[in-house]
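Read the figures in this text as sums done on the coordinates, not as results from a lab. None of the values given here were measured: they were computed from a predicted structure. Glycine gets a Cβ as well: all are built from the backbone with ideal geometry, and neighbour counts include every protein chain shown.
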Amino acid sequence: MKRIPAGILLATFALTAPLLPPLHAEESAQQLSDQELGPDQNTQDESAGQLKKKKLGADQSMTDESAGQLSNQNLGPDQNTQSQDESASQLSNQDLGPDQNMQDESARKLAEKQGLENKARKTGSAPTALGQSDGVNGVIYAVVGQPDGSVIIGGRFDTVNGLPRLNLARFKPDGTLDTNFLSAPTDGVEGTVYALALDQSGNLLVGGYFTTAQGQPLQNFVRYLATGAVDANFNGGQGTNGPVYAVAVLPKGKIVIGGEFTQVGDAMRKNIAEFKADGTLDGPVTSANESTGAIRSLAALSNGGILAGGKFNIAGQTVRNLLRTGAP
């Protein structure tokens with residue numbers, strides 16, 4: 001085989017070397033661009049929207065969200081304005097609060113309410129007067145009810161419903177005058193009745209400022225039996241030397257009177273006195289010189305004590321006008 005000289009080979013290589021680069025001409029301009037930019041910048045195929053998202057970052061990738069969605073997110077969950085469909089009246093009711101939620105009530109409803117309230121005030125039963133005709137032609141100071149519903153009145157008068165009654169009268173449960181009770185012109189008391197009470201036997205206790213009872217000389221405190229007859233034996237027929245303004249019956253049947261007096265019969269009792277259930281005078285409730293003035297009201301306590309009120313002073317005490325006696 002004929003050898004080619006080395007010089008010729010070198011010359012041949014030198015002539016053919018410029019032809020090697022065209023072997024890579026088939027690579028696309030894009031590939032060359034990729035190679036030149038490097039892997040971190042190979043973004044030319046990404047869309048403008050994708051590039052924008054990358055530049056905005058994950059927290060700002062909101063381009064595709066609608067304006068309404070963005071508004072809801074900006075307002076927060078408590079202000080989600082999708083509730084804008086609520087009617088103006090609903091919003092008004094919410095603004096006013098539950099106590100003022102009255103806008104749905106019509107004027108007619110309010111008027112009806114007002115009308116019902118006015119009617120309710122007028123539905124109370126009217127008072128019914130006892131008796132007929134002229135009634136009582138004087139002043140009534142005391143009233144007491146009996147177990148059967150009858151009512152006894154006392155005061156300063158001489159006729160009831162045109163019939164003579166001397167400061168005492170009784171009405172039946174139906175309101176008509178009892179024509180059989182103390183019906184004679186002198187059956188009552190000559191003077192003024194200030195206090196009435198019933199004892200445990202149903203007898204009528206009468207206190208006041210009078211000189212006779214049923215025509216008998218009995219002063220200021222008497223007892224009428226349930227039959228209507230005066231009990232002349234009560235305390236031996238002895239009364240007080242001054243007016244009796246109050247009467248109270250204690251739980252065990254004792255009777256207490258208060259007023260403006262210094263004696264009961266021959267015994268000294270100053271403004272307050274106590275009687276046994278049989279009508280005899282009991283021991284002093286207080287010292288004879290303990291109080292000055294007048295006792296106007298009495299109340300019996302369940303423990304046997306007494307409350308007394310009026311206008312008086314108690315010796316050695318600064319408290320006035322109120323007295324409590326008996327067990328505490």
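What are the residues whose amide H is under 5 Å from the amide H of Ala246, where those residues sit 5 or more places off or on another chain and H is modelled from the backbone?
Gly258
Taking 0.36 nm per residue of separation and subtracting the Cα-Cα distance, what length does fully extending Leu322 through Asp158 add?
Result for the pair: 55.6 nm of gain on full extension.
Order these by the 10 Å Cβ neighbour count, fewest first: Arg269, Arg320.
Ascending number of Cβ neighbours within 10 Å: Arg320, Arg269.
What whole number of Å gives the distance from the Cα centroid of region 137-168 to the Cα centroid of region 200-260?
16
Could you derive backbone 3J(HN,Hα) for region 162-170 from the dihedral phi with the Karplus parameters 6.51, -1.76 and 1.60 (θ = phi - 60°), listing whole Hz in sequence and x where the residue is Gly or Pro?
x, 9, x, 9, 9, 6, 9, 7, 10
How big is the charge dipole of region 128-187 about its Cα centre, in debye rounded to the nearest 20, if each Lys and Arg gets +1 on its Cβ and each Asp and Glu gets -1 on its Cβ?
In debye, rounded to 20, region 128-187 gives about 100.
From the convex hull of the Cα coordinates of region 192-325, what is the mean projected area in square nanometres? Mind showing how you got there, number by number?
Working: hull surface 29.1 nm².
Average of the hull's projected areas for region 192-325 equals 7.3 nm².
So for the pair Thr262, Gln146, with labels modelled 7 Å out along Cα→Cβ, what separation do we get in nm?
So the label points at Thr262 and Gln146 sit 3.9 nm apart.
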